[in-house]
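Enquirer: Attaching a single structure in structure tokens format; questions to follow.
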Amino acid sequence: MDNEEKKGRELSSEEAEEMQLGFDLEEMTKTAGWSIIEGWFEQRSHHAWVDPRGMKKEEWEWAELNAFHSADLASQTLEDIEKAINRAHYLHGVKLGEIKEAQRMRI
């Protein structure tokens with residue numbers, strides 16, 4: 001592929017900001033602290049049941065609902081970080097002309 005075919009395009013300011021955010025998140029994932037936080041999120045994302053012993057039905061239902069939402073939020077946060085990093089790499093490829101606009105980003 002010659003330089004003419006590999007010519008990219010200038011990103012919009014929103015795309016450039018989105019790309020930088022993804023690369024910043026990727027940089028964060030390379031730190032020792034991230035591995036600890038990621039582990040916490042992964043543990044929390046595996047919804048564990050709430051022990052109903054000693055609880056009234058309404059209390060247990062409320063605790064179970066909150067545990068579910070906490071697990072869902074942890075899982076969604078990890079997924080959002082991964083998507084932002086993938087999007088940054090996609091936009092970088094578009095900017096450099098390595099990815100044609102018609103190609104779809106794999107998420």
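Derivation of every value follows stated rules applied to the coordinates shown; laboratory data play no part. Everything numeric here is computed off the predicted structure, so don't read it as measured data. Cβ coordinates were reconstructed from backbone atoms using ideal geometry, including for glycine residues, and neighbour counts include every protein chain displayed.
Enquirer: So what is Rg over Rh here for the chain, counting just Cα atoms and using Kirkwood for Rh? The partial results should precede the final answer.
Expert: Numbers: Rg = 20.5 Å, Rh = 16.7 Å.
Computed over Cα atoms, the ratio is 1.22.
Enquirer: Can you give me the angle between helix 32-45 and the longest principal axis of the chain, using Cα atoms only, in degrees from 0 to 90, rounded to the nearest 10?
Expert: 50
Enquirer: Just need the relative contact order of the chain here, percent rounded to a whole number, with Cα pairs under 8 Å and 6+ apart. List each step's numbers first, then the result.
Expert: Numbers: 91 pairs, mean separation 50.0, N = 107.
Once normalised by length, the contact order is 47 percent.
Enquirer: Continuing with the same structure: What are the ³J(HN,Hα) couplings of segment 70-78, residue after residue, when phi is run through the Karplus curve with 6.51, -1.76, 1.60 and θ = phi - 60°? Round to Hz, x for glycine and proline.
Expert: 4, 5, 5, 5, 4, 5, 5, 4, 4
Enquirer: Give me the lysines in straight-line cross-link reach of Lys7: C-alpha distance below 18 Å, same-chain residues under 8 apart excluded.
Expert: Lys95, Lys100
Enquirer: Another question, if that's okay. Taking H placed 1.01 Å from N in the peptide plane, check which residues at least 5 places from Gly8 or on another chain put their amide H under 5 Å from its amide H.
Expert: Residues meeting the criterion, in which the H sits 1.01 Å from N, are Gly97.
Enquirer: Taking the Cα centre of the chain as origin, sum charge times position over the Cβ atoms of Lys and Arg (+1) and Asp and Glu (-1), and report the length of that vector in debye to the nearest 20.
Expert: Details: 14 positive and 24 negative charges, 50 e Å.
Value, rounded to 20: 240 debye.
Enquirer: Using a Förster radius of 22 Å, what is the FRET efficiency between Thr29 and Arg9 based on their Cβ-Cβ separation? Nearest 0.05, please.
Expert: Working: r = 28 Å, r/R0 = 1.26.
The computed FRET efficiency comes out at 0.20.
Enquirer: Further question: Between Met55, Gly39, Phe68, whose Cα lies farthest towards the positive end of the dipole of segment 13-96 when Lys and Arg beta carbons carry +1 and Asp and Glu beta carbons carry -1, centred on the Cα centre?
Expert: The Cα lying farthest towards the positive end belongs to Met55.
Enquirer: Which value at 222 nm does the chain reach when only helices count, each DSSP H run of 4 or more adding -39,500 (n - 2.57), with the total divided by all residues and rounded to the nearest 500 deg cm²/dmol? Each step should come with its number before you reach the end.
Expert: Numbers: 3 runs with 70 residues, N = 107.
Result for the chain: -23000 deg cm²/dmol, rounded to the nearest 500.
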